[in-house]
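In what follows, a single structure is set out as structure tokens and then discussed.
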Amino acid sequence: NMRMFALEDESENPHIEISAIHDERGFRRVREKLAGMYDLGMHEPNIQVVAADLDGDRMLTLRHAVHRGRKLDPKTLEDVVWHIHNLWGHKVKLDEEPA
């Protein structure tokens, strides 16, 4: 039989905790942890183009869909806007909104 379990390895804790095991009570938690490994919102920011003013000042408007309250770090946000501006060649605005 294959038994699964979930581990919690937080940097601020000196030990690893087994947070769920594959039994009646822990199965759902193990399943949620496993599914979270494949949730792109947990690993990569969801940034989409929502508008481009092609007839005016050509400003590109982007939206970061904030996943589980995880906003972009201010430095990361600045870097993303800088890189997209270099590619687009015109003003870029990035808004953060709850997903």
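Keeping to the range 55-99, report how many residues are part of a loop (DSSP other than H, G, I, E, B) and acidic (Asp, Glu).
3
Residue by residue, here is whether (1) free of Cβ contacts under 8 Å to residues at least 12 places away in the same chain; (2) at positive phi; (3) among the aromatic types (Phe, Trp, Tyr); (4) surrounded by 13 or more Cβ atoms within 10 Å (Cβ to Cβ) holds:
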| site | (1), (2), (3), (4) |
| --- | --- |
| 54 | yes, no, no, no |
| 57 | no, no, no, no |
| 73 | yes, no, no, no |
| 80 | no, no, no, yes |
| 91 | no, no, no, yes |
*Inside the range 4-39, can you point out the residues that are in contact with a strand residue (DSSP E or B) (Cβ under 7 Å, 6 or more places away or on another chain) and either surrounded by fewer than 10 Cβ atoms within 10 Å (Cβ to Cβ) or assigned to a helix (DSSP H, G or I) (or both)?*
29, 30, 33
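Bear in mind that the values in this text are calculations on the coordinates, not laboratory data. Every value quoted in this text rests on a predicted model; they were computed, and no experiment measured them. Methodologically, a virtual Cβ is constructed for each residue, glycine included, from the backbone with ideal geometry; neighbour enumeration extends over all protein chains shown.
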